[in-house]
Structure formats: C-alpha cells, structure tokens
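Structure, as structure tokens:
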Amino acid sequence: MTTPVLICIDGSNLSHQAATAGLKVLRTDAALTLLTVIPEPDPTLVTGGGFTGSTMTAEQFDEENAAQRADAEALLASTQKELGIASAEHVVLMGPAGALVCEYAANVGAEAIVIGSRGHGGIRRAILGSVSDHIVRHAHCTVLVTSHDALESDD
C-alpha cells in the first residue's frame, strides 16, 4: 500500500495553483488525498452567550453545518476534475487548519503535504498566523509549499 500525499485545497486560486505545481513534482504513482478544512461551527449561535440569546435554532445550525460540509465536498470534487486527477480520496476536516492537517497527516502516515502560501509578510503572519508556516514547523513528513511570488511568475 502506498502512503498518501495530501493536497491542501481552500478554494482559492492560490491553492489551485499550488496543487498544480505540486502535482508536477510528485511521483506519478502517488496515492493522492485532496483535503480541505472548514471552520468549526460556533455553538453560541444556538446557545447564546453572555447577555445575548441564540441567533438560530439547533435545526438551522445543523442545516448550515451540513451545507458547509456539502460545499467543501463539492469543492474537492470540482478541484479533482479541474486538475485532471483520475483517483483521489476526499477529506473534509473541521477546526483549526494547521493543527488538523498535521494531525491527519501523522495519522495516515502521509508521505508529503502540498500547500500554497499567500506570501504575507512577517508582521502580518505573526499577528494572523499562517497555516503553511504551522504545517512546515509541525508536520512529520515532507511539506511542499508553493510561494505566492513563484505562482505569479507562471501566469
């Protein structure tokens, strides 16, 4: 059994370009997993918080989360088609992206992770955090990061 290569997709043009660039350098027999991470739902939308009441019912909350997951699945399916990948597993994770990608990669014994970088400067990255930075620093496997500048020069 071959170990998977994770291709991280967030729906942006940059992640699509990163996937395209990553596929150019991967082994042709690599088992591919297209992966996306969606935000964890905010339970206070149903329970309320502090002096505020809820803003939706439990049923609406569940429907919204199901729709978000369905949108993520559709994104992975359309990306697979656009990239011309014959076979790939699709994975949707929910929560903090950097930590979840690293944890998932370790759990499945991933060979590599392909991810794009938006190219934020150091101060902005320090304040906002960076998913690609987190993955580079914490992943147990090879990480291929396609930089924003490199992608712009290909267009």
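FYI, it's all coordinate maths here, none of it is from the lab. The shown structure was predicted, so the numbers you read here are calculated from the model rather than taken from an experiment. Ideal geometry is used to build each Cβ from the backbone, glycine not excepted, and the neighbour counts take in all protein chains shown.
The slack in the chain from ALA30 to GLU89, taken as 0.36 nm per residue of separation less the alpha-carbon distance, amounts to 20.1 nm. Of the peptides 135-143, 20-28, 8-16, the order by per-residue mean of other Cβ atoms within 10 Å, starting with the highest, comes out as 8-16, 135-143, 20-28. With neighbour counts taken as other beta-carbon atoms within 10 Å, the residues SER87, SER117 rank, fewest first, as SER87, SER117.
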